[in-house]
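Derivation of every value follows stated rules applied to the coordinates shown; laboratory data play no part. A quick note: this is a predicted structure, and the numbers were derived from the prediction, not measured. A quick note on method: Cβ atoms are made from the backbone with ideal geometry, for glycine too, and the neighbour counts reach across all protein chains shown.
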Amino acid sequence: MLINAELLQAALSGYQAECARIEQAMAEIRRELRSSTSVGSKPADGTKRTMSAAARKRIAAAQKKRWAEYHRSKEVPAKKRKLSAAGRQRIVEATKRRWAAARAQKAAAQ
């Protein structure tokens with residue numbers, strides 16, 4: 001029984017030391033999280049950041065310039081060509097001649 005109690009006491013002290021080490025590491029992580037500020041986060045004092053009208057105007061002008069450059073670089077699609085009635089008629093007649101020739105050739109082969 002004595003060995004069992006000593007063993008348990010040693011295990012308990014080991015776990016307590018490990019718990020203290022883990023709590024210390026957690027405290028360090030919490031300190032790091034508080035000290036680092038991410039981009040876009042609110043200021044610590046809770047005030048809202050404001051931007052001057054001139055700054056807003058500069059940002060808008062830059063965005064318009066980027067938008068114009070982007071759309072200027074795109075190609076304008078070519079206009080679709082229209083087929084005239086006379087051109088269409090010539091195509092129809094040529095197709096009929098080709099089919100007639102193909103049928104004649106087929107009939108000659110048989």
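Find, among the trypsin sites (Lys or Arg not before Pro) in region 12-110, those assigned to loop by DSSP (not H, G, I, E, B) with at most 13 other beta-carbon atoms within 10 angstrom.
Qualifying residues, ordered by number: K48, R49, K74, K79, K80, R81, K82.
Taking the 0 to 90 degree range and rounding to the nearest ten, how far is the long axis of helix 2-35 tilted relative to the main principal axis of the chain, both from C-alpha atoms?
Value to nearest ten degrees: 50.
Just from its helices, what would the mean residue ellipticity at 222 nm be for the chain, if runs of 4 or more DSSP H residues each count -39500 (n - 2.57) and the sum is divided by every residue, rounded to the nearest 500 deg cm²/dmol?
-26000 deg cm²/dmol
Rank A20, A78, A86 by mean-square fluctuation in a GNM of the chain with C-alpha springs under 10 angstrom and give only the top-ranked residue.
Checking each option, the largest mean-square fluctuation is seen for A86.
For I29 paired with W67, estimate the spin-label separation in nm (one decimal), with each label point 7 Å from Cα along the Cα-to-Cβ line.
Between I29 and W67, the simple spin-label model gives 4.5 nm.
Could you work out Rg/(2.2 N^0.38 Å) for the chain, with Rg from alpha carbons only?
For the chain, the normalised Cα radius of gyration is 3.21.
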